[in-house]
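What follows is a single structure, written as structure tokens, with notes after it.
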Amino acid sequence: MSVMKILNGWLIGIFVLLVGCVAQVQEQGSAVKSPVDYVNPYMGNISHLLVPTYPTIHLPNSLLRVYPERADYTSVRLHGLPLEVTSHRGVSAFNLSPFQGNPKDVQPVISFSYDQEKITPYSYSVYLDEAQIDVDFGVAHQSAMYALKFEKEDAPGLILNSLNGGMKWDGKAISGWQLIGNDTRVFLYLIPDEKPEQVSVLDNEKMLAASEASGRNACLVLNFPKGTRKLQLYYGISFISARQAEKNQKREVAGKTVAEIQAEGRKIWNEALGKIEVQGGTENERTVFYTSLYRCYERPVCISEDGRYYSAFDHQVHSDNGRPFYTDDWIWDSYRALHPLRILVNPERGNDILNSFVWMAEQMPHMWMPTFPEITGDSRRMNSNHGVASVLDAYRKGLHGFDLEKAYEACKRGITEKTLAPWSGKTAGALSAFYQKHGYIPALKPGEKETIPEVNLFERRQAVAVTLGTSYDEWCLSQLADTLGEEADATRFLKASFNYRNLYNPQTQFFHPKDAEGNFIEPFDYRFSGGVGVRDYYDENNGWTYRWDVQHNIPDLINLMGGKNAFAQNLDALFTTPMGRGKREFYTQLPDQTGNVGQFTMANEPSLHIPYLYNYAGQPWKTQKLVRALLHEWFRNDLMGVPGDEDGGGLSSFVVFSSMGFYPVTPGKPVYSIGSPLFTDVKIHLANGKTFEIEAKNASEENKYIQSATLNGKPLNEPILSHFDLLNGAKLVLVMGNRANRSWGAHQKP
């Protein structure tokens with residue numbers, strides 16, 4: 001053998017060894033990546049049409065939330081530095097503007113050019129390039145810290161602003177408050193680690209020698225000695241008082257560095273996100289998954305502070321009796337998948353949230369279950385009263401840490417005593433009386449004027465949507481009544497749960513609005529009849545979406561449509577029927593119905609269960625194909641990677657469930673419908689110490705079809721998963737392939 005051949009052999013061997021080592025390092029690097037490292041807060045920050053996602057810095061379900069305030073993601077200016085946002089879509093309650101020198105035009109909030117922005121769930125950093133100020137931020141539950149570095153030689157200063165409230169310097173710290181609505185205030189207590197040499201009030205663009213300001217844009221200006229190059233600002237937020245905000249600050253961040261606060265936040269996020277462990281899939285799929293899971297912790301928020309909380313439901317400060325109080329929960333969106341997801345990953349928090357709902361009902365004048373509880377009270381937005389679905393779903397899945405009898409009373413009274421008119425907190429009137437007598441909400445005829453005072457003139461009656469939603473709510477009431485031994489109520493509400501039939505048009509196989517005389521409204525277009533958002537008859541989504549809004553009785557809906565084959569054909573038509581207008585015209589009328597696949601909209605919550613309905617029609621392979629396509633098309637690791645209003649976990653919880661391979665089609669029934677996992681292995685670490693695992697053998701982009709399945713080693717031939725099997729730590733094994741097995745799961749029982 002020649003020397004050259006020997007050298008070549010050595011070189012080839014070394015090359016192979018190096019490639020293997022690099023691959024091993026890459027594999028190891030991927031394996032040790034923490035869940036929070038996959039989160040991309042920028043995903044969806046540019047909206048397809050309406051509200052984008054926000055890159056929120058906060059701890060899971062915590063009171064203090066911050067995100068960069070700007071006109072939109074592409075804005076080249078930051079509107080100061082935020083100190084707190086009081087709702088998921090709110091502006092900053094307080095604002096911080098650092099500066100150096102004496103700006104010619106001092107404003108309540110400085111508009112900053114910025115660069116090098118970096119956001120994680122627990123940290124924020126940005127370089128204010130024209131001002132030459134470096135910003136670093138770390139967040140705790142009710143407190144936070146800014147670390148500022150000033151690069152210019154000029155003396156630094158701070159402008160602190162309350163949009164509508166007051167600010168006061170006491171020689172040590174700034175305390176402030178802001179009125180945010182419904183007689184609800186948020187309070188601030190902020191301590192700089194250096195003492196200012198001068199404090200002024202900015203009033204109508206003039207600097208006044210004073211230490212207290214109030215009113216619109218109440219501003220204090222703190223000037224620090226020249227040569228001050230660093231400032232650390234520790235602050236707390238409270239809904240009780242400035243004194244409580246001070247206590248929150250001392251308890252959580254006082255004496256810590258921003259790096260220490262960020263490290264604690266990182267640990268908390270990894271513990272929360274790590275309750276679901278995924279392997280396989282692509283880097284982008286893991287990023288979309290954990291980003292979606294992070295968004296499932298935005299709402300609701302815990303507002304208990306040292307065992308007390310301020311309730312906007314009765315404007316009192318209460319003891320929480322050792323149980324955290326949660327609010328800011330948009331139930332119309334969250335009951336569908338977010339509440340069911342929480343039952344899996346944090347059942348104790350689920351119990352506390354439902355207990356909070358009961359407390360809210362007790363604190364309000366009529367003992368009605370809230371429908372849209374926010375920091376400022378129950379806004380009664382949207383239609384129906386789906387808190388009852390969350391109560392039933394939780395109780396049936398083993399969450400018994402709340403008073404079921406009180407919850408039932410609040411749900412029953414909220415549905416029977418409050419008006420069924422959308423977006424209204426008034427007592428039941430003529431509209432509700434008609435529903436009780438005739439079993440449907442009457443629609444106005446074309447050109448007929450509204451005469452019922454509790455109807456919102458923009459939101460309209462939403463006749464079909466309210467009838468269908470109330471039918472579901474009454475099914476939930478019937479199940480709760482049966483559990484509590486209330487036989488008369490159980491019978492009454494079970495009968496009412498079939499009221500959706502009163503609007504079913506057998507000729508068209510759609511749910512069709514009727515007038516007060518019982519006649520179908522004609523002529524009628526299921527795509528466009530009903531005005532803006534088709535709110536005369538439906539809500540934000542057209543008749544094609546509400547055709548499937550019978551979550552509680554899918555077998556009966558199948559029968560109404562003439563059987564499984566006809567049902568599946570109607571599903572096919574949903575995804576293949578064209579929009580019917582150009583996009584500009586379509587979205588001008590239906591701005592909430594983005595993310596279209598034919599008439600299906602991936603962007604709005606009433607659609608989320610629809611892709612799983614093929615399972616009930618004996619064609620689960622279509623669910624498997626469709627769910628995979630929808631995830632890849634509409635939820636992506638980019639700035640436009642969310643198709644519609646995310647609603648604080650409303651859409652993201654669909655992504656989390658569907659990526660794992662199952663979905664809760666009917667909250668209130670302790671079962672899940674099986675789809676197609678993105679990942680080869682999913683582990684849900686349950687609160688009872690057990691682990692539910694899904695192993696999807698060969699799963700890949702191509703291998704999306706289930707060939708066979710076993711549960712705990714026994715054949716599983718239906719696309720259904722029991723919650724209690726899951727809770728007992730079952731293992732579901734799916735063998736995946738690139739061609740549909742049309743016989744697997746084709747005989748699901750009703």
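Bear in mind these aren't lab numbers, they're just calculated from the coordinates by the rules spelled out. These figures come from a predicted structure and were not determined experimentally. Note that each Cβ is placed from the backbone with ideal geometry, even for glycine, and that neighbours are counted across all protein chains shown.
Sort 476-488, 371-383 for me by packing, meaning the mean count of neighbouring Cβ atoms within 10 Å per residue, highest on top.
Going from most to least packed, we get 371-383, 476-488.
Loop only by DSSP, 11 or fewer other Cβ within 10 Å of the Cβ. Give me the trypsin sites (Lys or Arg not before Pro) in segment 103-190 that pass, ordered by residue number.
Sparse-neighbourhood loop trypsin sites (Lys or Arg not before Pro): Lys104, Lys172.
Considering only Ile684, Thr416, Ser708, whose Cα is most displaced toward the positive end of the charge dipole of the chain, charges sitting on Cβ of Lys, Arg (+1) and Asp, Glu (-1)?
In the chain, that residue is Ser708.
Go through 208-216, 291-299, 323-331, 410-418 and give me the packing order, highest mean Cβ count within 10 Å leading.
Going from most to least packed, we get 291-299, 323-331, 410-418, 208-216.
Using modelled amide H (1.01 Å from N, peptide plane; none on Pro or chain starts), what sits under 5 Å from the amide H of Ala93, excluding residues fewer than 5 places away?
Leu83, Glu84, Val85, Thr86
Put +1 on the Cβ of each Lys and Arg and -1 on the Cβ of each Asp and Glu in segment 260-319; which of Leu273, Asn284, Ser311 then has its Cα farthest toward the positive end of the dipole?
The residue sitting farthest along the positive end of the dipole is Asn284.
Highest first, please rank the peptides 602-609, 518-525 by the mean number of other Cβ atoms sitting within 10 Å of their residues.
On the way: 602-609: 23.9, 518-525: 12.2.
Packing proxy ranking, top to bottom: 602-609, 518-525.
Can you tally the net charge around Pro55? Count Lys and Arg as +1, Asp and Glu as -1, for every other residue whose Cβ sits under 13 Å from the Cβ of Pro55.
Every neighbour counted, the sum reads -1.
May I ask you to list the aspartates and glutamates whose Cα is less than 12 Å away from that of Lys152, ignoring any residue fewer than eight positions away on the same chain?
Asp129, Glu130, Asp134
Once phi is turned into ³J(HN,Hα) by the Karplus curve 6.51 cos²θ - 1.76 cosθ + 1.60 with θ = phi - 60°, what whole-Hz value does each residue of segment 136-148 show in order, with x for glycine and proline?
After applying 6.51 cos²θ - 1.76 cosθ + 1.60, I find 9, 9, x, 10, 10, 6, 10, 8, 7, 8, 10, 10, 10 Hz.
Taking Lys250 as the anchor, which aspartates and glutamates have their alpha carbon closer than 14 Å to its alpha carbon, excluding any fewer than eight residues away along the same chain?
Asp193, Glu305, Asp306
What whole-number value in cubic angstrom gives the convex hull volume per residue for the C-alpha atoms of segment 419-552? Could the numbers behind the result be given before it?
On the way: hull volume 14.3 nm³, N = 134.
In segment 419-552, the Cα hull volume divided by residue count equals 107 Å³.
Scale the Cα Rg of the chain by the rule-of-thumb value 2.2 N^0.38 Å and send over the ratio, two decimals.
This ratio for the chain stands at 1.02.
If each DSSP helix of 4+ residues adds -39,500 (n - 2.57) and the sum is divided by the residues in the chain, what number results at 222 nm, nearest 500 deg cm²/dmol?
-9000 deg cm²/dmol
For segment 419-552, with only Lys/Arg (+1) and Asp/Glu (-1) charged at the beta-carbon, what is the dipole magnitude about the Cα centre, in debye rounded to 20?
Computed charge dipole of segment 419-552: roughly 260 debye.
If amide hydrogens are placed 1.01 Å from N in the peptide plane, which non-local residues have theirs closer than 5 Å to the one on Lys418?
Ala428
Any of Lys33/Lys118; Lys418/Lys514; Lys33/Lys256; Lys33/Lys230 with alpha carbons more than 29 Å apart? Name them for me.
Going by Cα-Cα distance, Lys33/Lys230 fall outside the 29 Å limit.
Pairs of Cα atoms under 8 Å, at least six residues apart: use those to get the relative contact order of the chain, whole percent.
So the answer I get is 11 percent.
With a cap of 12 neighbouring Cβ atoms within 10 Å, and only residues DSSP puts in a loop, list the trypsin sites (Lys or Arg not before Pro) found in segment 434-463.
Lys449
Within 10 Å of each candidate Cβ there may be at most 14 other Cβ atoms; applying that plus a DSSP loop requirement, which chymotrypsin sites (Phe, Trp or Tyr not before Pro) in segment 378-485 survive?
Taking segment 378-485 and a limit of 14 other Cβ atoms within 10 Å, the loop chymotrypsin sites (Phe, Trp or Tyr not before Pro) found are Phe458.
For Lys426, go through the aspartates and glutamates and keep the ones whose alpha-carbon is under 15 Å away, minus same-chain ones fewer than eight residues off.
Asp378, Glu417, Glu454, Glu459
Determine the dipole magnitude for the chain: charges of +1 sit on the beta-carbon of Lys and Arg, -1 on that of Asp and Glu, nothing else is charged, the reference point is the Cα centre, and the result goes in debye to the nearest 20.
Details: 74 positive and 84 negative charges, 266 e Å.
About 1280 debye.
Exposure proxy check: Glu283, Glu454 ranked by fewest other beta carbons within 10 Å?
Details: Glu283 11, Glu454 19.
Fewest to most other Cβ atoms nearby, the residues stand as Glu283, Glu454.
Using the Cβ atoms and a cut-off under 9 Å, what net charge is assigned to the surroundings of Asn738, where Lys and Arg are +1 and Asp and Glu are -1?
+1
With respect to the cross-link table entries Lys247/Lys267; Lys669/Lys690; Lys397/Lys564; Lys625/Lys697, which display a Cα-Cα separation exceeding 26 Å?
Pairs exceeding the cut-off: Lys397/Lys564.
Can you work out ³J(HN,Hα) from phi for every residue in segment 105-119, in order, using Karplus 6.51 cos²θ - 1.76 cosθ + 1.60 and θ = phi - 60°, giving whole Hz and x for Gly and Pro?
Couplings: 10, 5, 10, x, 9, 8, 8, 9, 6, 9, 7, 6, 6, 9, 10 Hz.
Can you list the HN-Hα couplings for segment 373-389, worked out from phi with the Karplus curve (6.51, -1.76, 1.60; θ = phi - 60°), rounded to whole Hz and with x for Gly and Pro?
x, 10, 4, 8, x, 8, 7, 6, 6, 6, 10, 6, 9, 7, x, 4, 5
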